[in-house]
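Each value in this text was obtained by applying a stated rule to the coordinates, not by laboratory testing. Model, not experiment: these values are computed from the prediction. Every residue, glycine as well, gets a Cβ built from its backbone with ideal geometry; the counts of neighbours run over all protein chains shown.
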Amino acid sequence: MSSSKGPTNLERGIKNTAMKLFLFTSTWVASTALLSFGPRLWWNYETSTTVFVVAANLLAGALMLLAFFRHLKSMDELQRQTHLEAMALTLGVTMIFTVIYGSLPKVQLLTESNPTNILFVIGITYILAVMGLWISRTSE
Amino acid sequence: MKNKLKVLRAEQNWTQADLASQLDVTRQTVNAIEKGKYDPSLPLAFKIAEVFKISIEQIFSPEKEA
């Protein structure tokens, strides 16, 4: 058998779903930005426009989630298991971090806690977990 | 679980990428299975057996490597 050239069906599938995930994530980020800045900058807190943008944001979020599940399904089984284990690890780390981070202002170690910081913990933990698990299983 | 995937692949003169392409998985997955770092799912084990035209038991066995 000759050596395979060019992308395989798996690689084409992953690339395709990754592109769609990028597209829907970008749409969600854009609609979130619009919801954050639009009422003040563009439509002066007009309720019907804000409600429309909230609905658009929810729809974009749902489509992003759907795209993520499709991306996960397009992976091969080792990739999928790696991502699922990374998600489990991220859930645990986030739970521990959220509890302690929420307690810090009460015990006067922080003046206030910003919930947005939890998103950074989620993102960084997930990326590190995927990389660590993948490298540990596939290192030559 | 131990397996004879590396030996079987070498007998066919296939690279990991060749086998991965036939199994529709990544080369890294074939490498992880060969090294015993990952046990494939039952559907993938059946697919591997089909590619080599032998039974699953002739490729995978439950004992650990000595």
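Where does the longest stretch of chain A lie that holds no trypsin sites (Lys or Arg not before Pro) found in a DSSP loop with 14 or fewer other Cβ atoms within 10 Å?
It works out to A:6-105.
So, with +1 on the Cβ of K and R and -1 on the Cβ of D and E, and no other charges, what is the size of the charge dipole of region A:1-75 about its Cα centre, to the nearest 20 debye?
The dipole of region A:1-75 has a size of about 360 debye.
Which FRET efficiency value, to the nearest 0.05, do you get for A:T49 and A:E77 by plugging their Cβ-Cβ distance into 1/(1 + (r/R0)^6) with R0 = 41 Å?
For R0 = 41 Å, the calculated efficiency reads 0.35.
How large is log10 of I(q)/I(0) for chain B at q = 0.16, 0.18, 0.20, 0.25 Å⁻¹ when the intensity is taken from the Debye formula with one equal scatterer per alpha-carbon?
-0.45, -0.58, -0.73, -1.20
For A:M19 and A:A62, what does the FRET efficiency come to when R0 = 25 Å and r is the distance between their Cβ atoms, rounded to the nearest 0.05?
0.85
Between A:T98 and B:D24, what is the label-to-label distance in nm when each label sits 7 Å out along the Cα-to-Cβ direction?
So the two model labels end up 3.7 nm from each other.
Quick check on the exposure proxy: order A:W43, A:W134 from fewest to most C-beta atoms within 10 angstrom.
Lowest to highest Cβ neighbour count: A:W43, A:W134.
Does chain A classify as rounded, prolate or oblate by the C-alpha gyration tensor (a ≥ b ≥ c root eigenvalues; a/c under 1.5 gives rounded; else a/b over b/c gives prolate, otherwise oblate)?
oblate
Number of Lys pairs in chain B with C-alpha atoms less than 18 angstrom apart, excluding same-chain neighbours closer than eight positions?
16
5 Å is the cut-off here: which amide hydrogens, built 1.01 Å from N in the peptide plane, fall below it relative to B:Y38, excluding neighbours closer than 5 in sequence?
For B:Y38, the qualifying residues are B:I33.
Once phi is turned into θ = phi - 60°, what whole-Hz ³J(HN,Hα) does the Karplus curve with 6.51, -1.76 and 1.60 give for every residue of region A:129-137, x standing for Gly and Pro?
Taking θ as phi minus 60°, the curve returns 5, 4, 4, x, 5, 5, 5, 5, 8 Hz for region A:129-137.
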